[in-house]
């Protein structure tokens with residue numbers, strides 16, 4: 001295939017990212033990852049910010065991971081400061097998939113406590129992937145400040161992020177079991193139960209924790 005023919009095919013593929021049919025957009029994103037070209041990284045990132053279909057966004061992330069991190073990471077770091085929530089969320093999600101720890105300084109407390117649940121969840125996942133060795137306890141304290149937040153999916157995301165840090169989360173969790181807010185206490189207790197018994201399901205753990213809190217206990221094992 002000549003360079004000109006390859007360029008023509010890529011341009012055609014990128015036009016497909018704007019098609020009304022999500023299946024066409026999916027194929028276009030797949031093509032962008034199959035034949036990576038750093039010239040189009042900006043277009044891929046911009047599409048992530050506005051693409052309405054989850055599975056197309058996931059393919060766009062895959063396409064970005066197929067490009068050199070030296071090209072994608074700086075552009076994604078710019079995007080985490082976007083005013084658009086989806087742009088921030090997708091940039092963080094993609095950074096977590098790339099796993100380049102040079103991105104760690106961009107995972108700020110502001111992002112970890114972002115008012116948009118999807119942004120915060122993406123930031124939590126990115127943080128536990130990118131956190132430098134030795135900084136896990138501090139991250140656990142920052143994440144534990146979000147305990148009790150949101151609905152089931154948000155709480156489960158936070159529990160998974162904390163559990164990924166391992167035993168270093170225990171002091172932060174135990175401090176949270178004395179919080180005045182019963183939702184925080186229940187979430188902390190449920191997360192500790194899941195850390196000790198990963199097979200226990202989140203729904204079971206949270207309901208058990210709520211009962212413990214209602215009875216005035218901490219649920220901690222002696």
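Let me see the pair-distance distribution of the chain: every alpha carbon pair, 5 Å bin width, integer percents in order.
Computed distribution, short to long bins: 1, 7, 14, 16, 15, 12, 11, 9, 6, 4, 3, 1, 1, 0, 0.
Name the shape class, rounded, prolate or oblate, that the alpha-carbon gyration tensor gives for region 87-158, where a ≥ b ≥ c are the square roots of its eigenvalues, rounded holds for a/c under 1.5, and otherwise prolate holds if a/b is larger than b/c and oblate otherwise.
Note, shape of region 87-158 comes out oblate.
Given Cα pairs under 8 Å that are at least 6 residues apart, what percent is the relative contact order of region 1-130?
19
Using helices alone, I'd like the mean residue ellipticity at 222 nm for the chain: each DSSP H run of four-plus residues gives -39500 (n - 2.57), total over residue count, nearest 500.
After summing the helix terms and dividing by residue count, I get -20500 deg cm²/dmol.
Between residue 53 and residue 149, 0.36 nm times their residue separation minus their Cα-Cα distance comes to what?
So the chain would gain 32.0 nm between residue 53 and residue 149.
Per residue, how big is the convex hull around the C-alpha atoms of region 24-152? Give it to me in cubic angstrom, could you?
Roughly 101 Å³ of hull volume per residue.
Taking the C-alpha atoms of region 7-91, how large are the radius of gyration and the largest Cα-Cα span, Dmax, in Å?
When restricted to the Cα atoms of region 7-91, Rg and Dmax are 11.8, 33 Å.
Along its three principal axes, how long is region 133-214 when you only count alpha carbons? Whole Å, largest extent first please.
In descending order, the Cα extents are 36, 29, 19 Å.
If contacts are Cα pairs under 8 angstrom and at least 6 residues apart, what is the relative contact order of the chain in percent?
It comes to 11 percent, rounded to a whole number.
What is the angle, in °, between the Cα long axis of helix 182-196 and the longest principal axis of the Cα atoms in the chain? Nearest 10 is fine, range 0 to 90.
80
Any read-out appearing in this document is the output of simple, stated calculations on the displayed coordinates, not a laboratory observation. Just so it is clear, the model here is predicted, and its values are computed rather than measured.
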